[in-house]
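No value in this document is a laboratory result; all are computed from the given coordinates. Every value quoted in this text rests on a predicted model; they were computed, and no experiment measured them. Here the Cβ positions follow ideal geometry from the backbone for every residue, glycine too, while neighbour counts run over all protein chains shown.
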Amino acid sequence: MIDREVAVHEEKADVVRSIFDAYLAGASLGKIVDLLFKRGVASPTGKAKWTRAAIDKLLANKKYIPMVGVKVYMDAQFEKARRCNVDYEKAGHPRKAVRYQSPSFVAR
């Protein structure tokens, strides 16, 4: 067995925490993209603007549990499921009739 030490880059950890916080406060993926762009936070690939897909993947990635905690991570997973407009149990027309509406979100 190989012992590996995990090092947390605090500046990046703060960005990850802010993404989870904004999402759980009601911000949509697109709104989080806009917030990061306004703050000048480059994407993991170094581009000036993040993508909604990158935010979505980050929220689902278990490697961020040590940074945000199990409760916050699980709350984000339940929120993602709640906002999803696909009904996986429904054949034929799998879209839900009601779509998630992002409330007004004001960045701190």
A correct Karplus calculation of ³J(HN,Hα) over the stretch 27-39, with 6.51 cos²θ - 1.76 cosθ + 1.60, θ = phi - 60°, whole Hz and x for Gly and Pro, returns 5, 6, 4, x, 5, 5, 4, 4, 4, 5, 5, 5, 7
Would you mind counting up the charge near Ala42? Only other residues with Cβ under 12 Å from its Cβ, with Lys and Arg at +1 and Asp and Glu at -1. +3
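Which of the residue pairs Lys12/Lys80; Lys38/Lys71; Lys12/Lys63; Lys31/Lys71 have a Cα-Cα distance greater than 25 Å in the structure shown? Write down the numbers at each step before the final one.
Working: Lys12/Lys80 22 Å; Lys38/Lys71 28 Å; Lys12/Lys63 13 Å; Lys31/Lys71 23 Å.
Table pairs above 25 Å Cα-Cα are Lys38/Lys71.
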Please give the peptides 40-50, 19-29 ranked by average Cβ packing (other Cβ atoms within 10 Å per residue), highest first, as a rough proxy for protection. 19-29, 40-50
